[in-house]
Every structure is written in structure tokens, then in C-alpha cells.
Amino acid sequence: MIRLFKVKEKQRELAESANGKTPIKKQSAGELRLHKDISELNLPKSCSISFPSGKDDLMNFEVTIRPDEGYYLGGTFLFSFQVSPIYPHEAPKVKCKTKVYHPNIDLEGNVCLNILREDWKPVLNINTIIYGLFHLYTEPNSEDPLNHDAAAVLRDHPKLFESNVRRAMAGGAS
């Protein structure tokens, strides 16, 4: 039975090349799942997704988050997503491309979000990650920090933290 499928596939490829068509590239399981995830996105109004390399490269995209409340109100934060061919069995690699004073994002753009690390499960999807990132801006978490200084200021001096965030978003040093 398996041989029959291989023969049929070979015949289809030969027929396509005879017709002058280029053979269709097979998508990996990760690409198929990602395509499904993207088609089912239900983002908050303050989040958007873009594909800088074009729609042919779904595995690399960017998400923009514009928080509509909290310390980061009025800011615009860009994240790059790199999705592995074995997605959803491996979490996407997410980096913040915008310099930000945040307890859960370091100066290199690494993001501390549990679902991107130890709590990742294949049932989670891109929508879940984007909501998680959005939540980091509405409720920064000082209990699991990457930027320990920012976390300490948030925990011990919330007004100073707010002032530092405003200064950093205005382009000053934090």
C-alpha cells in the first residue's frame, strides 16, 4: 500500500514537471500548525502581526504590542518570533526588539515568560504567547525577573518604577 502512494506521488511530480509547473514544496507539520494558528488569531486591538519577509516565510514574523493601560501605556514594543519546524513540540523563540525597562525583559531582548520555557505545551499556540506578552506589559511580574534591578524597584518603589519606565520610554537612560 505504501508503495502505491510513492508511485502515485512520483507520477504526479513527473506530470507537473512535464506541464512546466514547479513541484509544490511540502510544508512541515510545524508550518501547517503555524498556518492554522495564524488563521485563527484573535488579538487584542492593541496587538498586530506582520511578516517582514513576506507571507512565504510564516516561520519568522513580528508582533507589535501597544499597551492600552498600565505603566507602559502609550509605548510601542516590537517582538520577533522564530518558529521551529518541529513547532508545536518546541516553543517559538521570542525576542523583544525594542529597548525597554522591564523586570521580565533584559537589555538583550530576552523575554521571561513561563510558557516560552518550562510551561510550554503543544496545546498552546501563538495567540496564547501574544496574550502572555501583552499581559507582561499590563502586569509586570517582579517574582520571576530577568532584569533584577527593575524587579526590585517595581517591588519596593512602584512610583519610582513608573518614573523609570516613563523616562526610558521617552528615550532616557533607565
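At 1.4 Å probe size, with every protein chain present, just tell me what the per residue accessible area of region 77-174 comes to in Å².
51
State the volume of the convex hull built on the alpha-carbon positions of region 80-140, expressed per residue in Å³ and rounded to an integer.
80
Need the full-extension length gain, Ser46 to Lys93, defined as separation in residues times 0.36 nm minus the C-alpha distance. One decimal, nm.
So the chain would gain 14.8 nm between Ser46 and Lys93.
Given 0.36 nm per residue, what is the gain on full extension from Asp149 to His35 after removing their alpha carbon distance, in nm?
My answer for the length gained is 37.2 nm.
If you stretched the chain out fully between Ser80 and Asn110, how much longer would it get, using 0.36 nm times the residue separation minus the C-alpha to C-alpha distance? Show your work: numbers first, answer last.
Working: separation 30, 0.36 × 30 = 10.80 nm, distance 1.06 nm.
Stretched out fully, the Ser80 to Asn110 stretch lengthens by 9.7 nm.
Using a Cα-Cα cut-off of under 15 Å, which aspartates and glutamates could be cross-linked to Lys99, ignoring same-chain neighbours fewer than 8 residues away?
Glu108
With viscosity set to 1.306 mPa s and temperature to 10 °C, compute the Stokes-Einstein D of region 100-174, Rh being the Kirkwood radius across alpha carbon pairs; µm²/s, no decimals.
Details: Rh = 13.0 Å.
Roughly 122 µm²/s, to the nearest whole number.
For Asn60 and Arg117, FRET efficiency with R0 = 25 Å and r from the beta-carbon atoms, rounded to 0.05? The partial results should precede the final answer.
Values: r = 20 Å, r/R0 = 0.81.
Efficiency, from the Cβ-Cβ distance: 0.80.
The values are calculated or read from the model by the stated rules, or taken from the named source; none is laboratory data. Bear in mind the structure is a predicted one, so any value in this text is a computation, not a measurement. A quick note on method: Cβ atoms are made from the backbone with ideal geometry, for glycine too, and the neighbour counts reach across all protein chains shown. SASA here: full protein model, heavy atoms, side chains in, ligands and nucleic acids out. Shrake-Rupley method; radii C 1.70, N 1.55, O 1.52, S 1.80 Å.
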